[in-house]
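The values are calculated or read from the model by the stated rules, or taken from the named source; none is laboratory data. None of these values were measured; they are calculated from a predicted model. Cβ atoms come from the backbone with ideal geometry, glycine included; neighbour counts cover every protein chain shown. Accessible surface is based on the protein model in full, side chains and every heavy atom, while ligands, DNA and RNA are left aside. Shrake-Rupley method; radii C 1.70, N 1.55, O 1.52, S 1.80 Å.
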Amino acid sequence: MARSTTVSQRKMTRRKAPLGFLKRVFKRQKPHLRLKTSSDLLVHLNCLLFVHRLAEEARINACGSKCAIIKKEHVLAAAKVILKKSRG
């Protein structure tokens with residue numbers, strides 16, 4: 001019998017944000033910055049939301065050019081649009 005390719009719900013609930021990695025990056029980039037414990041989770045959530053919006057916009061660009069595969073050009077165009085939206 002073939003193994004299931006879906007991830008069980010139990011494994012999905014055990015995943016956590018890479019807190020050690022985030023703290024290490026913050027300390028390297030901005031050593032004088034003092035952050036509360038929950039702020040690194042907010043940064044992680046913000047990154048995940050950005051990647052999700054980028055993927056959606058890149059998919060729309062790929063569909064618009066009648067391409068089944070998302071290419072580098074689609075992602076770069078999506079990044080320009082999303083960064084412009086986030087600034088303004």
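Filtering Cys67, Cys63 for residues that are modelled with pLDDT of 85 or more, open to solvent by less than 60 Å² (accessible area, probe 1.4 Å), more than 19 Å from the chain's Cα centre (by Cα) and not polar (S, T, N, Q) leaves a single hit, Cys67. Which residues, taken from segment 33-60, are more than 16 Å from the chain's Cα centre (by Cα) and at pLDDT below 90? Once the filter is applied, which keeps residues that are more than 16 Å from the chain's Cα centre (by Cα) and at pLDDT below 90, segment 33-60 yields Leu33, Arg34, Leu35, Lys36, Thr37, Ser38, Ser39. In a residue-by-residue description of segment 23-30, the property of being of a type outside the set (D, E, K, R), out of contact with any His (no Cβ under 8 Å at 6 or more places or on another chain) and in contact (Cβ under 8 Å) with a residue 24 or more places away in the chain applies to no position.
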